[in-house]
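The structure appears below as structure tokens.
The values are calculated or read from the model by the stated rules, or taken from the named source; none is laboratory data. Just so you know, these numbers come straight off a predicted model, no measurement behind them. Here the Cβ is made from the backbone with ideal geometry for all residues, glycine too, and neighbour counts use every protein chain on show.
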Amino acid sequence: MGHRPATLRAAAAVQAVESAVVLAAAVLAGVDTAAGRSYQQGSGIALTVIGVASAAVLALVASGLARVRRWSRTPALLTQLFFGIVGIYLLQAHRLEWGVPLLVLAAAGLAALLAPPSLRALTRQEQTRPEQAKPGQTRPGQAKPGQEKAGQTRPRQAKPGQEQAGQTRQARTRPEPRPPGKASRRRSARPGAE
């Protein structure tokens, strides 16, 4: 397990809270559907199922952040973007009691995810590998400078006057520049199209 900076723990906590918010919204949609206050019974059920599944995925992403998993970075950033957009939409609909907390969560999540310690922890290429090579040494399967791996060959250099496979002499030569001031007149490939 990698190093867990405080900013990454904060991002995981924000992601978990967002998961709980989505779950609460799904439960409210389910209660409204059961009470007959949904526009259509089928859409209320579908909204509830989608909400519960989304809350589960957000909880999985929060778990990935807490465990410093690289795959969790992009879904977490997208979650913050989504919560910010929904928060703005709710503010425009004069639902301040929902919009302001969502914007605060989105801003806190973005700040925690984009903090340098979080970025370093989530983008670390190799955590700790015992077979790390010292300068000048090669690892098994790694070619030394100037050598090819087994089964690989260097591309053959063409001698002057020879063409490589698929290359013609015409492709290698440049057209001569035209004298300045004279416009070039192109002819069409179709007869009578002049």
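Cβ separations smaller than 7 Å between residues 6+ apart or across chains give the following pairs from segment 110-123 residues that are surrounded by fewer than 19 Cβ atoms within 10 Å (Cβ to Cβ) to residues that are outside any helix (DSSP H, G or I): P117/P5. Once segment 53-69 is narrowed to residues that are assigned to a helix (DSSP H, G or I) and touching a Leu at 6+ places or on another chain (Cβ under 7 Å), the residue that is surrounded by the most Cβ atoms within 10 Å (Cβ to Cβ) is L65. Within segment 1-19, residues that are over 13 Å from L113 (Cβ atoms) have Cβ atoms under 9 Å from residues that are at pLDDT below 95 and among the basic types (K, R) in these pairs: M1/R67; G2/R67; G2/R69; G2/R124; H3/R120; H3/R124; R4/R67, counting only partners at least 6 apart in sequence or on another chain. G42 falls short on exactly one of the conditions (1) crowded, with 17+ Cβ neighbours inside 10 Å; (2) among the small types (G, A, S); (3) not in a loop (DSSP other than H, G, I, E, B), and that condition is (1).
Taken residue by residue, segment 25-37 has at least one member that is without any contact (Cβ under 8 Å) to a residue 24 or more places away in the chain and buried (at least 19 other Cβ atoms within 10 Å of the Cβ). Quick check: anything in segment 31-45 farther than 21 Å from L114 by Cβ, at pLDDT 90 or above and over 17 Å from the mean Cα position of the chain (by Cα)? Yes, the conditions are met somewhere in segment 31-45. The numbered conditions (1) closer than 22 Å to P5 by Cα; (2) touching a helix residue (DSSP H, G or I) at 6+ places or on another chain (Cβ under 7 Å); (3) part of a helix (DSSP H, G or I); (4) not acidic (D, E) are all true for W98 except (1). Scanning segment 70-91 for residues that are polar (S, T, N, Q) and surrounded by 15 or more Cβ atoms within 10 Å (Cβ to Cβ) turns up S72, T79, Q80.
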